[in-house]
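Chemist: One structure coming up, written as structure tokens, with questions to follow.
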Amino acid sequence: RPDRCNAPATTAGALYVSPMTATRQIAEQLFAAAVRSADPRAATRAALEGITLGARPWIIAAGKAAVPMAHAALETLAAATRTPEGGVVVTASRDEAVDPLLVVTGDHPVPGPGSLAAADAVGDVVRLIQPGDDVIVLISGGASSLMAAPTEGISVDGMLELFQGLHRAGAPIEVMNAFRKRVMRWGAGRLAVALQGAQVTALIASDVIGDDPSAIASGPCSGDHWHVADLVELAQAQRLWPHIPDEVRQYIDRTLLGEVAETPKPGSALLHGVTPRIILGNGDALAGVAQEAASLGIDARVAPTPIRGGARSTGEAIARAAIAARSDRGPRARTPTPLTTPCRFALVWGGETTVSLGGHPGLGGRAQELALAAAQALHEAGAAGRGITILSAGTDGRDGPTDAAGAIVDGHTWSRIALAGRDPQRDLDAHDAYPALDAAGALLRTGMTGTNVNDVVIALLE
């Protein structure tokens, strides 16, 4: 892999690296930089510097970055010659050890028995915490599913049907969270309420656009901005009622009637002394991409507006933007040689899109669907789409219920899928991006990264 664009090879006899291969390597290098720059362990350690803790510290960590964040908290305590009274780490990873804390594996992206057990484990720790104790609460994306359990008045089946219905509807993440937190045991500030009397330090790695603490992991330590009447309006505006189970509708109605208590709101006395703090977000990942690109001699432009909305339409728009940018910059001055690499310019986006599954149970995730749609747009552009490579991936390393973070596509990917015997148009229409991209060798597999700060999309122009 070249360390710098246009840098000489280490030996005069170095083998020629095709532009496509070299550009893919550079795309992977830039994505790795995004993940490194969103290091939750370093961010947690920095956030805890200078914080004074009392005689009985506890640690509660939940989310895809729970393990490195918990390690950072333990390191901070050790530096002050302190040990925690106890605590729990709710994670998606198995076989993790964070001694002396209890580690529980929840289920993701769909809650399951592990999630219920994780919610109970958090409850067991909460019951041991006494007034005046210090609690370090570490939250990251994925915690909604990993410790999902229903609040009083909602059944497990009702909660699961709501989760699944909102996913099928392709609801925006902020809308999804508005409904999910309403029915969750630890959502909508309920964890903070359960810790009343303790001194709570809540640190959050954000996986939502706008970095709203109440929307991340269903806001366990944050007041709920949404009133129940707002949910009714949201369901009507987003046409969600067919996807919301009757049990949840009845729960909403009982709340409207005052039979069920409203969720705690920002400024509530129930949340006194708890101020959630964002310590990491998508902007950190994008800054890492820009910095790495500069070190490689690539002119990188980070889009000021986050990507959101449908994955398919966003992928098409990104491909068109890359084609337009390449046209504006003119043709390459020369053909790549064994002593040069083909990259010269990059467009970078961050954010999170959605996929409306409807009745199609295809395999893939939003990053893969975006990539497949971009591949189609590059293919249909013909010669104008050549020389453009697009990476679309989730910073957590897992896109949807698959083993891939996302994919890297170019102007030939669509044809390669067809050559492998698949119908890429049918796959795209059926939200079946994973097998299509796998057939073309386009999937990006990184393994779980230990962070989770939305998605990154990089368009490299040769």
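Chemist: Check 140, 115 and return the single one that is modelled with pLDDT of 95 or more, under 18 Å from the mean Cα position of the chain (by Cα) and surrounded by 19 or more Cβ atoms within 10 Å (Cβ to Cβ). Break it down stepwise before answering.
Modeler: Details: 115 fails: under 18 Å from the mean Cα position of the chain (by Cα).
Among 140, 115, only 140 is modelled with pLDDT of 95 or more, under 18 Å from the mean Cα position of the chain (by Cα) and surrounded by 19 or more Cβ atoms within 10 Å (Cβ to Cβ).
Chemist: Looking at the stretch 351-364, is at least one residue open to solvent by less than 10 Å² (accessible area, probe 1.4 Å) and among the hydrophobic types (A, V, I, L, M, F, W, C)?
Modeler: Taking the stretch 351-364 and keeping what is open to solvent by less than 10 Å² (accessible area, probe 1.4 Å), we get 351, 353.
Next cut, among the hydrophobic types (A, V, I, L, M, F, W, C) only: none.
Among the residues of the stretch 351-364, not one is open to solvent by less than 10 Å² (accessible area, probe 1.4 Å) and among the hydrophobic types (A, V, I, L, M, F, W, C), which makes the answer no.
Chemist: Give me the pairs: first residue in the stretch 434-450 and of a type in the set (Lys, Arg), second residue open to solvent by less than 10 Å² (accessible area, probe 1.4 Å), beta-carbon distance under 8 Å, and six or more apart or on different chains, which are they?
Modeler: 445/404; 445/405
Chemist: Continuing with this model, one more query. When you look at residue 422, is it surrounded by fewer than 21 Cβ atoms within 10 Å (Cβ to Cβ), over 20 Å from residue 110 (Cα atoms) and free of Cβ contacts under 8 Å to residues at least 24 places away in the same chain, yes or no? Give the derivation first.
Modeler: On the way: surrounded by fewer than 21 Cβ atoms within 10 Å (Cβ to Cβ): yes; over 20 Å from residue 110 (Cα atoms): yes; free of Cβ contacts under 8 Å to residues at least 24 places away in the same chain: yes.
Here the answer is yes, as residue 422 does meet what is asked.
Chemist: Among the residues in the stretch 296-310, are any surrounded by 17 or more Cβ atoms within 10 Å (Cβ to Cβ), small (Gly, Ala, Ser), at pLDDT 95 or above and not in a strand (DSSP E or B)?
Modeler: no
Chemist: Give the residues of the stretch 46-71 that are under 18 Å from residue 143 (Cα atoms) and either of a type in the set (Ser, Thr, Tyr) or not in a loop (DSSP other than H, G, I, E, B) (or both), sorted by residue number.
Modeler: The first filter runs over the stretch 46-71 and keeps only residues under 18 Å from residue 143 (Cα atoms), leaving 59-71.
Listed by number, the residues that qualify are 59, 60, 61, 62, 66, 67, 68, 69, 70, 71.
Chemist: Sticking with this structure for a sec: Tell me, which residue of the stretch 168-185 that is open to solvent by 20 Å² or more (accessible area, probe 1.4 Å) and touching a Pro at 6+ places or on another chain (Cβ under 9 Å) is farthest from residue 67 (Cα to Cα)? So that I can check it myself, show each step before the final result.
Modeler: Restricting attention to the stretch 168-185, the residues satisfying the condition of being open to solvent by 20 Å² or more (accessible area, probe 1.4 Å) are 168-169, 172-174, 180, 185.
After this cut, where a residue has to be touching a Pro at 6+ places or on another chain (Cβ under 9 Å) as well, the list is 169, 185.
Working: 169: 32, 185: 22 Å.
Of everything passing the filter in the stretch 168-185, 169 is farthest from residue 67 (Cα to Cα).
Chemist: Considering only the stretch 150-203, how many residues are closer than 30 Å to residue 54 by Cα, in a helix (DSSP H, G or I) and of a type in the set (Val, Ile, Thr)?
Modeler: Kept after step one, since they are closer than 30 Å to residue 54 by Cα, are these residues of the stretch 150-203: 185-203.
Applying the additional criterion that residues be in a helix (DSSP H, G or I) yields 190-194.
Now drop any that are not of a type in the set (Val, Ile, Thr), which leaves 193.
Going through the stretch 150-203 one residue at a time, the tally reaches 1.
Chemist: Look through the stretch 326-350, keep the residues that are open to solvent by less than 20 Å² (accessible area, probe 1.4 Å) and hydrophobic (A, V, I, L, M, F, W, C), and return whichever of them is modelled with the lowest pLDDT.
Modeler: 343
Chemist: Okay, moving on. Taking only pairs six or more apart or across chains, which ones have beta-carbon atoms under 7 Å, a first residue in the stretch 27-45 that is closer than 18 Å to residue 448 by Cβ and assigned to a loop (DSSP other than H, G, I, E, B), and a second residue that is among the polar types (S, T, N, Q) and open to solvent by less than 20 Å² (accessible area, probe 1.4 Å)?
Modeler: Between residues of the stretch 27-45 that are closer than 18 Å to residue 448 by Cβ and assigned to a loop (DSSP other than H, G, I, E, B) and residues that are among the polar types (S, T, N, Q) and open to solvent by less than 20 Å² (accessible area, probe 1.4 Å), the close pairs are 38/395; 38/451; 39/451.
Chemist: Looking only at the stretch 264-290, how many residues end up being more than 23 Å from residue 409 (Cα to Cα), open to solvent by 30 Å² or more (accessible area, probe 1.4 Å) and part of a helix (DSSP H, G or I)?
Modeler: The total comes to 4.
Chemist: Name every residue in the stretch 235-263 that is of a type in the set (A, V, I, L, M, F, W, C), in a helix (DSSP H, G or I) and touching a Leu at 6+ places or on another chain (Cβ under 7 Å), in order of residue number.
Modeler: Of everything in the stretch 235-263, those that are of a type in the set (A, V, I, L, M, F, W, C), in a helix (DSSP H, G or I) and touching a Leu at 6+ places or on another chain (Cβ under 7 Å) turn out to be 248, 252.
Chemist: Scan the stretch 410-462 for residues that are part of a helix (DSSP H, G or I), of a type outside the set (D, E, K, R) and in contact with a Leu (Cβ under 8 Å, 6 or more places away or on another chain) and jot them down. Walk me through it before giving the result.
Modeler: Taking the stretch 410-462 as the starting set, the residues that turn out to be part of a helix (DSSP H, G or I) are 413-419, 424-429, 433-439.
Narrowing further to those that are of a type outside the set (D, E, K, R): 413-415, 417-419, 424-425, 428, 433-437, 439.
Across the stretch 410-462, the qualifying residues are 413, 414, 417, 424, 428, 433, 434, 435, 436, 437.
Chemist: For the condition under 16 Å from residue 349 (Cα atoms), assigned to a helix (DSSP H, G or I) and among the aliphatic types (A, V, I, L, M), what is the one hit in 374, 407?
Modeler: Details: 407 fails: assigned to a helix (DSSP H, G or I).
Sole residue among the options that is under 16 Å from residue 349 (Cα atoms), assigned to a helix (DSSP H, G or I) and among the aliphatic types (A, V, I, L, M): 374.
Chemist: In the stretch 118-134, how many are surrounded by 19 or more Cβ atoms within 10 Å (Cβ to Cβ) and over 22 Å from residue 92 (Cα atoms)?
Modeler: So the count comes out to 3.
Chemist: If I filter the stretch 190-210 for residues that are touching a residue at least 40 places away in the same chain (Cβ under 8 Å), open to solvent by 10 Å² or more (accessible area, probe 1.4 Å), farther than 29 Å from residue 129 by Cβ and not small (Gly, Ala, Ser), do I get at least one hit?
Modeler: Taking every residue of the stretch 190-210 in turn, at least one turns out to be touching a residue at least 40 places away in the same chain (Cβ under 8 Å), open to solvent by 10 Å² or more (accessible area, probe 1.4 Å), farther than 29 Å from residue 129 by Cβ and not small (Gly, Ala, Ser).
Chemist: Kindly check whether there is at least one residue in the stretch 215-227 that is closer than 23 Å to residue 258 by Cα and either among the aromatic types (Phe, Trp, Tyr) or in a strand (DSSP E or B) (or both).
Modeler: If we filter the stretch 215-227 for residues that are closer than 23 Å to residue 258 by Cα, which is where we start, we get 218-220, 222-227.
Going one step further and asking which of them are either among the aromatic types (Phe, Trp, Tyr) or in a strand (DSSP E or B) (or both), we end up with 226.
Yes: one or more hits.
Chemist: Can you run down the residue pairs with Cβ atoms below 7 Å, 6 or more apart or on separate chains, where the first is in the stretch 267-281 and under 25 Å from residue 41 (Cα atoms) and the partner is open to solvent by 30 Å² or more (accessible area, probe 1.4 Å) and among the charged types (D, E, K, R)?
Modeler: Between residues of the stretch 267-281 that are under 25 Å from residue 41 (Cα atoms) and residues that are open to solvent by 30 Å² or more (accessible area, probe 1.4 Å) and among the charged types (D, E, K, R), the close pairs are 278/211; 281/211.
Chemist: Then there's this: For the stretch 94-112, give me the residue count where each residue is under 21 Å from the mean Cα position of the chain (by Cα), crowded, with 18+ Cβ neighbours inside 10 Å and assigned to a loop (DSSP other than H, G, I, E, B).
Modeler: Here is the first cut: in the stretch 94-112, the residues under 21 Å from the mean Cα position of the chain (by Cα) are 94, 96, 104-112.
Keeping just the survivors that are crowded, with 18+ Cβ neighbours inside 10 Å gives 104-108, 111.
Still in the running and assigned to a loop (DSSP other than H, G, I, E, B): 106-108, 111.
So the answer is 4.
Chemist: Would you check if residue 146 is in contact (Cβ under 8 Å) with a residue 60 or more places away in the chain and in contact with a Ser or Thr (Cβ under 7 Å, 6 or more places away or on another chain)?
Modeler: On the way: in contact (Cβ under 8 Å) with a residue 60 or more places away in the chain: yes; in contact with a Ser or Thr (Cβ under 7 Å, 6 or more places away or on another chain): yes.
Yes.
Chemist: Looking only at residues that are polar (S, T, N, Q), out of contact with any strand residue (DSSP E or B) (no Cβ under 9 Å at 6 or more places or on another chain) and touching a residue at least 12 places away in the same chain (Cβ under 8 Å) in the stretch 212-245, which one is nearest to residue 170 (Cα to Cα)? First the steps, then the outcome.
Modeler: Restricting attention to the stretch 212-245, the residues satisfying the condition of being polar (S, T, N, Q) are 214, 218, 222, 236, 238.
Now restrict to residues that are out of contact with any strand residue (DSSP E or B) (no Cβ under 9 Å at 6 or more places or on another chain): 214, 236, 238.
Going one step further and asking which of them are touching a residue at least 12 places away in the same chain (Cβ under 8 Å), we end up with 214, 238.
Working: 214: 20, 238: 10 Å.
So, considering only residues that are polar (S, T, N, Q), out of contact with any strand residue (DSSP E or B) (no Cβ under 9 Å at 6 or more places or on another chain) and touching a residue at least 12 places away in the same chain (Cβ under 8 Å), the one nearest to residue 170 (Cα to Cα) is 238.
The values are calculated or read from the model by the stated rules, or taken from the named source; none is laboratory data. All figures in this text were calculated on a predicted structure; none of them were measured in a lab. Quick reminder, even Gly has a Cβ in these numbers, built from the backbone with ideal geometry, and neighbours come from all protein chains shown. The accessibility values were calculated without ligands, DNA or RNA, using every heavy atom of the protein model including side chains. Shrake-Rupley method; radii C 1.70, N 1.55, O 1.52, S 1.80 Å.
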